[in-house]
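Structure, as structure tokens:
The values are calculated or read from the model by the stated rules, or taken from the named source; none is laboratory data. Please read all numbers here as calculations on a predicted model, not as lab measurements. Counting neighbours? That spans all protein chains shown, and the Cβs are built from the backbone with ideal geometry, glycine included. Only protein heavy atoms, including side chains, enter the accessible area calculation; ligands, DNA and RNA are left aside. Shrake-Rupley method; radii C 1.70, N 1.55, O 1.52, S 1.80 Å.
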Amino acid sequence: MDPSQKNLEQAVVTKTKVPSQKRNLNWLDKLIRSKNIEPLDTNRKVVFSWSIWGCALGYFLLVGIQYSIMTWVPTYLVMLKGFLP
């Protein structure tokens with residue numbers, strides 16, 4: 001084996017070495033602010049859940065923006081800028 005290859009392999013092994021100490025990630029828990037919540041076991045809880053409403057609103061906005069971009073941009077490019085399909 002070529003000495004340069006051996007040095008390269010040794011360098012790769014030392015760079016990918018996992019530290020033996022565990023890291024303290026309490027700051028990450030405070031940042032995420034995770035909490036235990038009770039399961040949504042009734043239809044009433046599902047309907048009045050802020051998480052469900054937030055996901056529904058986010059999905060609505062995502063689909064609405066995507067639809068408007070996918071339909072408006074080609075029309076704009078063809079009609080006003082003169083691009084031909």
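Being modelled with pLDDT under 90 and either surrounded by 10 or more Cβ atoms within 10 Å (Cβ to Cβ) or touching a Ser or Thr at 6+ places or on another chain (Cβ under 8 Å) (or both): is that true of residue 83 here?
Here the answer is yes, as residue 83 does meet what is asked.
Would you mind stating whether residue 8 is open to solvent by 100 Å² or more (accessible area, probe 1.4 Å), under 20 Å from the mean Cα position of the chain (by Cα) and modelled with pLDDT under 80?
no
Does residue 62 count as surrounded by 10 or more Cβ atoms within 10 Å (Cβ to Cβ) and part of a loop (DSSP other than H, G, I, E, B)?
In short, no.
Could you check the range 66-80 and list, in sequence order, the residues that are open to solvent by 80 Å² or more (accessible area, probe 1.4 Å) and aliphatic (A, V, I, L, M)?
Across the range 66-80, the qualifying residues are 69, 70, 79, 80.
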